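Notes follow once the structure below has been shown.
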Amino acid sequence: MAQPILGHGNLQPASAAGLASLELDSSLDQYVQIRIFKIIVIGDSNVGKTCLTFRFCGGTFPDKTEATIGVDFREKTVEIEGEKIKIKLVLLEEHPSNDSFFICLGYLMPVTHSVGIVFSGPL
Ligand SMILES: Nc1nc2c(ncn2[C@@H]2O[C@H](COP(=O)(O)OP(=O)(O)OP(=O)(O)O)[C@@H](O)[C@H]2O)c(=O)[nH]1
């Protein structure tokens, strides 16, 4: 009986030798690890965290934005010196009376590579 080839959520019977090696190759592609960098983006409400990260990830500014409630996530894959790297952004709205901000920060800091602080200065 044909043995299944291990794929990422895709188990296919390997019925013919040629097809089997072809599927194995494409299955292995899915196991290529890419490095992930996690960045927390913090700042007061309404300073431009959403616009900044939207622009970074999507290349354009959003037409309109809605207030982030607590936390938001974005990600983008970039290529640096030929290596693909996934950047994961966690947007946290900072507010002195927002206990969940400090709780989230406490959990995220140990698994984060960098923190970006966004603020708005006088024009
Ligand atoms: N003049 C100017 N306005 C900006 C800039 N970036 C964002 N804005 C405006 O500032 C407002 C708030 O932007 P957001 O990106 O939603 O700010 P935020 O920090 O994500 O806000 P919260 O989701 O409430 O935490 C929006 O009306 C944007 O259009 C900027 O660089 N310059």
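What the table below lists for this structure:
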{"item": "So Glu75, is it surrounded by 11 or more Cβ atoms within 10 Å (Cβ to Cβ), over 16 Å from the mean Cα position of the chain (by Cα) and assigned to a strand (DSSP E or B)", "result": "no"}
{"item": "Positions within the range 72-123 being at pLDDT 80 or above and in contact with a Ser or Thr (Cβ under 8 Å, 6 or more places away or on another chain), in sequence order", "result": "Asp72, Arg74, Lys84, Ile85, Lys86, Ile87, Leu89, Val90, Leu91"}
{"item": "Selected residue (criterion: nearest to the ligand (Cβ to nearest atom)) from residues of the range 78-91 that are more than 20 Å from Phe102 (Cα to Cα) and open to solvent by less than 70 Å² (accessible area, probe 1.4 Å)", "result": "Ile87"}
{"item": "Residue in the range 99-118 that is nearest to Leu52 (Cα to Cα), counting only those that are open to solvent by 90 Å² or more (accessible area, probe 1.4 Å) and touching a residue at least 40 places away in the same chain (Cβ under 8 Å)", "result": "Ile117"}
{"item": "Residues of the range 29-68 satisfying the condition of being more than 8 Å from the ligand (Cβ to nearest atom), of a type in the set (Val, Ile, Thr) and open to solvent by 40 Å² or more (accessible area, probe 1.4 Å)", "result": "Val32, Ile34, Ile36, Ile39, Thr60"}
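The values are calculated or read from the model by the stated rules, or taken from the named source; none is laboratory data. This structure is a prediction, so every number in the text was calculated from the model and none was measured. Here Cβ is always computed from backbone atoms with ideal geometry, including for glycine, and neighbour counts include all displayed protein chains. Each accessible area value is taken on the protein alone, full model and side chains, heavy atoms only, with ligands, DNA and RNA left out. Shrake-Rupley method; radii C 1.70, N 1.55, O 1.52, S 1.80 Å.
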